[in-house]
């Protein structure tokens, strides 16, 4: 006989649940809506949502990210040019260098500049590219946003 659970219980079960991580870091996906064994594990509280984090975990991750990427580091314009040449393709280098040079002295975009420099030092090109996009948007603002808006 096919495994079925009542409709109302089925709605309460999350869409993406996993078994706890193994020693190697991998995790099995579970489907408690369709599988009896997975449903039993769900009822016992074994399954977990990989995307759900508590407020303290999110705050801890945010603090770690800020320590890692937002630490103010100043580099010379020549070093900045080398970093931009290393991270970006040739058609984007000129614009990225111009944006970062302007962000270095801008009251809002300076954090994006620091993020780029730290990402380059950590060999994290993706974060570096995103920080240049963010700096470009922040350069359009003349003053910082209010915390209330």
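The values are calculated or read from the model by the stated rules, or taken from the named source; none is laboratory data. From a predicted model like this one, the values you see are computed outputs, not experimental measurements. We place every Cβ from the backbone using ideal geometry, glycine too, and count neighbours over all the protein chains shown.
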Residue match in the stretch 46-58 (condition: modelled with pLDDT of 90 or more and either touching a strand residue (DSSP E or B) at 6+ places or on another chain (Cβ under 8 Å) or farther than 30 Å from residue 9 by Cα (or both)) = no
ask   = What helices (runs of 4 or more DSSP H), lying completely within the stretch 1-104, carry at least 3 residues that are closer than 17 Å to residue 118 by Cβ and outside the structural domain of residue 135 (by TED's automatic domain parsing)?
value = 55-69
request  = Among the candidates 120, 69, single out the residue that is within 30 Å of residue 20 (Cβ to Cβ) and surrounded by 19 or more Cβ atoms within 10 Å (Cβ to Cβ).
outcome  = 69
ask   = Which condition breaks for residue 35 when tested against (1) more than 23 Å from residue 1 (Cα to Cα); (2) surrounded by 10 or more Cβ atoms within 10 Å (Cβ to Cβ)?
value = (1)
Filtered residue count, the stretch 98-136, keeping only those that are modelled with pLDDT of 90 or more, farther than 20 Å from residue 82 by Cα and out of contact with any helix residue (DSSP H, G or I) (no Cβ under 6 Å at 6 or more places or on another chain) = 0
